[in-house]
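The structure under discussion appears below in the form of structure tokens.
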Amino acid sequence: MEALTWHGEQDVRVDEVPKPEVVNPSDAVIEITATAICGSDLHLYNGYMPGMREGDVLGHEPMGEVVEVGDEVETLEVGDRVVVPFTIGCGSCWFCGEDMYSLCDNSNPNAEVARKAMGHSPAGLLGFSHLLGGYAGGQAEYLRVPYADVGPVKIESDLPDEQVLFLSDIFPTGYMAAENAEIEPEDTVAVWGCGPVGQFAIQSAWMLGANRVIAIDRIQERLDMASSHGDAETINFEHEDVYDRLMEMTGDRGPDRCIDAVGTEAHGTGLKGVTEKVKQEMHLQDDRVHVLRQAIKCCRKGGTISVPGVYLREGDNVPLGPMMNKALTIKTGQTHVQRYLDPLLEKIEDGEIDPSFVISHEEPLTSGPELYDTFNRKDDECIKVMLTP
Ligand code: NAD
Ligand code: ZN
């Protein structure tokens, strides 16, 4: 079958690889009908994620039709249409029992390595590094789905793929980011990053009762989407000083809740577009932007910072002093996708949201290598890429 594979920094190829099969009795295999490229894939693409191997199959936002099930699978049958979460949960450990699937104790076969680095291992993730399980991903014609009774959500209505695909990751991720921000009525919520995750964080902040949403980015079409579709006020950090502008907009108080939907680097853009002032203010030790620092500085005293953006390194120069003295709460984590599947599918079915608004590019899987490049450079007004095998 054809699949998008990793061959080193900024080298994604279409390769012929063996079609996956049921390996464990709790597995299913699905034939992919739609799959997407995520901001998290860019960490792998740009070589920031350790533990990648040549030929790894990429992709963690897939959906499709079940074509094979293992003997122990009870909830799925051949022919079912499913969306697959990127987080792999065994369903039986303490963390899965507490609905914290991205912290599953059993789904990372390389847990010992992760444990050495972090003290404990998070869950295995589809289409990620070998440090997080080395599971082949879903930018392919077929995918093996481990623990098939715990992950996939069945789509029984005739909603098109475009509307349900993002249950695999970015809609739940934006939603959990807003939940983690502990939004209360009257709150002003600032969202850094107007990529797909930021867009869903904006939508979700409104759903959870925000009074005001302010979106920050430098890419005009993303800011435009945040304001036209997301009803947010916007700040272009290339043209305006984010701290000064936020203080002005909030009567010097700062936003009550801040969401960092950017993470460890400004993807692919390096420092292009980041002003000297921002660089100095963020005390950049290397050439990567650090939004969390800025959020800590801007957040109102006693406020909350939610971090769906992925950070990959230790340290990252987090200002603990200001965080402590301003009494801030910081919440973060990979999304517990399984927790949100049913309630968010209901919102889509009820017409409360149509997640397809983020799609800017819909192309065949074989265009993947080009589109990784386009999405990475944020060229061609690219916001979200959906691929069809
Ligand atoms: P993306 O690359 O499309 O979007 C990132 C946006 O941040 C871009 O629009 C970029 O211009 C903007 N940006 C860069 N520097 C900035 C700065 N200094 N201030 C404000 N904005 C800035 O990626 P995405 O798909 O939206 O993902 C965003 C982040 O969320 C990534 O780190 C990704 O890994 C992470 N993510 C986390 C989870 C999770 O489970 N926690 C799931 C999916 C994605
Ligand atoms: Zn993702």
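Do we have residue 174 as within 16 Å of ligand 2 (Cβ to nearest atom), touching a Gly at 6+ places or on another chain (Cβ under 7 Å) and in contact (Cβ under 8 Å) with a residue 60 or more places away in the chain here?
Considered against the rule, which asks whether it is within 16 Å of ligand 2 (Cβ to nearest atom), touching a Gly at 6+ places or on another chain (Cβ under 7 Å) and in contact (Cβ under 8 Å) with a residue 60 or more places away in the chain, residue 174 comes out as no.
Quick check, is residue 150 in the same structural domain as residue 55 (by TED's automatic domain parsing), surrounded by 24 or more Cβ atoms within 10 Å (Cβ to Cβ) and in contact (Cβ under 8 Å) with a residue 40 or more places away in the chain?
no
Within region 251-265, which residues are at pLDDT 95 or above, buried (at least 19 other Cβ atoms within 10 Å of the Cβ) and part of a loop (DSSP other than H, G, I, E, B)?
254, 255, 256, 261, listed by residue number.
When residues of region 311-335 are filtered for being surrounded by fewer than 23 Cβ atoms within 10 Å (Cβ to Cβ) and part of a loop (DSSP other than H, G, I, E, B), how many remain? Reasoning before the result, please.
Filtering region 311-335 for residues surrounded by fewer than 23 Cβ atoms within 10 Å (Cβ to Cβ) gives 311-334.
Applying the additional criterion that residues be part of a loop (DSSP other than H, G, I, E, B) yields 311-319, 326-328, 333-334.
Summing the residues that are surrounded by fewer than 23 Cβ atoms within 10 Å (Cβ to Cβ) and part of a loop (DSSP other than H, G, I, E, B) in region 311-335 gives 14.
Tally the residues that are of a type in the set (Gly, Ala, Ser) and within 14 Å of residue 146 (Cβ to Cβ), restricting the search to region 55-111.
Here the count works out to 5.
Out of the residues in region 119-136 that are out of contact with any helix residue (DSSP H, G or I) (no Cβ under 9 Å at 6 or more places or on another chain) and surrounded by fewer than 24 Cβ atoms within 10 Å (Cβ to Cβ), which is nearest to residue 12 (Cα to Cα)?
Going through the qualifying residues, I end up with 136.
Can you tell me which residues in region 354-389 are more than 16 Å from ligand 1 (Cβ to nearest atom), surrounded by 19 or more Cβ atoms within 10 Å (Cβ to Cβ) and assigned to a loop (DSSP other than H, G, I, E, B)?
389 - this is the single residue of region 354-389 that is more than 16 Å from ligand 1 (Cβ to nearest atom), surrounded by 19 or more Cβ atoms within 10 Å (Cβ to Cβ) and assigned to a loop (DSSP other than H, G, I, E, B).
Starting from residues that are assigned to a loop (DSSP other than H, G, I, E, B) and within 14 Å of ligand 1 (Cβ to nearest atom), keep the ones in region 33-69 and report whichever is surrounded by the most Cβ atoms within 10 Å (Cβ to Cβ). Spell out the reasoning first.
Here is the first cut: in region 33-69, the ones assigned to a loop (DSSP other than H, G, I, E, B) are 38, 46-55, 58-61.
Still in the list and also within 14 Å of ligand 1 (Cβ to nearest atom): 38, 46, 48-49, 58-61.
Values: 38: 27, 46: 16, 48: 18, 49: 20, 58: 26, 59: 28, 60: 27, 61: 31.
Out of the qualifying residues, it is 61.
May I ask you to list pairs of residues, at least six apart or on different chains, whose Cβ atoms are under 8 Å apart, with the first in region 196-220 being under 15 Å from residue 352 (Cα atoms) and free of Cβ contacts under 8 Å to residues at least 40 places away in the same chain and the second being near ligand 1 (Cβ under 8 Å from one of its atoms) and not in a helix (DSSP H, G or I)?
202/194
Condition first: over 24 Å from residue 382 (Cα atoms) and within 11 Å of ligand 1 (Cβ to nearest atom). Can you find one or more residues in region 220-232 that meet it? So that I can check it myself, show each step before the final result.
Of region 220-232, the ones over 24 Å from residue 382 (Cα atoms) are none.
Among the residues of region 220-232, not one is over 24 Å from residue 382 (Cα atoms) and within 11 Å of ligand 1 (Cβ to nearest atom), which makes the answer no.
Please state which of the following conditions residue 339 fails to meet, knowing it meets all the rest: (1) modelled with pLDDT under 95; (2) within 16 Å of ligand 1 (Cβ to nearest atom).
(1)
Hey, does region 328-335 have a residue that's under 25 Å from residue 126 (Cβ atoms), away from ligand 2 (no atom under 16 Å from the Cβ), in contact with a Ser or Thr (Cβ under 7 Å, 6 or more places away or on another chain) and at pLDDT 95 or above?
yes
Does region 69-87 contain at least one residue that is touching a Gly at 6+ places or on another chain (Cβ under 6 Å) and touching a residue at least 60 places away in the same chain (Cβ under 8 Å)?
yes
The values are calculated or read from the model by the stated rules, or taken from the named source; none is laboratory data. Just so you know, these numbers come straight off a predicted model, no measurement behind them. So basically every Cβ, Gly included, is an ideal-geometry build from the backbone, and we count neighbours across all protein chains shown.
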